[in-house]
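Notes follow once the structure below has been shown.
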Amino acid sequence: MCNKIGTYLKALAAHDTGVPFYVAAPSPSIDWTIARGADIPIEERAAAEVRRIAGLHAGEPAELELVGAATRVANPAFDVTPARLVTALITERGTCAASPGGLRALFPEHAPGADRA
């Protein structure tokens, strides 16, 4: 499951504290062509968002440089949450296991070979 950065950490926290973690995903948001989370292209946001922080200094807007421009940074906009941390998926067709088989049970038309009759 791919979602805004921080979702993976919430799923880990839920797992570690025994709290169920559900993902609500309407079918149009499911990419049926991607088999593994590692294959999801992750948008990289501007490095300046990590290098600098905005605030006020003496009541005036100011920016503070946290690290220099030569410092390498990563600023992914999304993270991938492993299915093992997801209790179930909730879709418009019902709830299923967070697995290819669970999704196929709710969306048989997307099963491999389903378009061949």
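Computed values, structure above
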{"quantity": "Among LEU64, LEU103, LEU12: highest mean-square fluctuation, GNM of the chain, C-alpha pairs under 10 Å", "calculated": "LEU64"}
{"quantity": "Most mobile of ALA13, ALA88, ALA70 in a GNM of the chain (Cα contacts under 10 Å)", "calculated": "ALA70"}
{"quantity": "Positive dipole terminus of the chain, leading residue within SER29, ALA88, PHE78 (C-beta point charges)", "calculated": "ALA88"}
{"quantity": "Carbon plus sulfur fraction of accessible area for the chain, probe 1.4 Å, in percent", "calculated": "58"}
{"quantity": "Among 20-33, 89-102, the order from most to least packed when residues are scored by Cβ within 10 Å on average", "calculated": "89-102, 20-33"}
{"quantity": "Surface accessible to a 1.4 Å probe, per residue, for the residues of the chain, Å²", "calculated": "70"}
{"quantity": "Accessible surface ranking that places the most exposed of ARG84, ARG52 first, with a 1.4 angstrom probe", "calculated": "ARG84, ARG52"}
{"quantity": "Label assignment, P(r) over Cα pairs in 10 Å bins from 0, in percent derived from the structure, set [x] 11, 31, 26, 17, 11, 3, 1, 0; [y] 12, 37, 33, 15, 2; [z] 12, 43, 35, 10, 0", "calculated": "[x]"}
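The values are calculated or read from the model by the stated rules, or taken from the named source; none is laboratory data. Nothing here was measured: the structure is a model prediction, and the numbers come from that model. Note that each Cβ is placed from the backbone with ideal geometry, even for glycine, and that neighbours are counted across all protein chains shown. Surface areas here come from the heavy atoms of the whole protein model, side chains and all, with no ligands, DNA or RNA. Shrake-Rupley method; radii C 1.70, N 1.55, O 1.52, S 1.80 Å.
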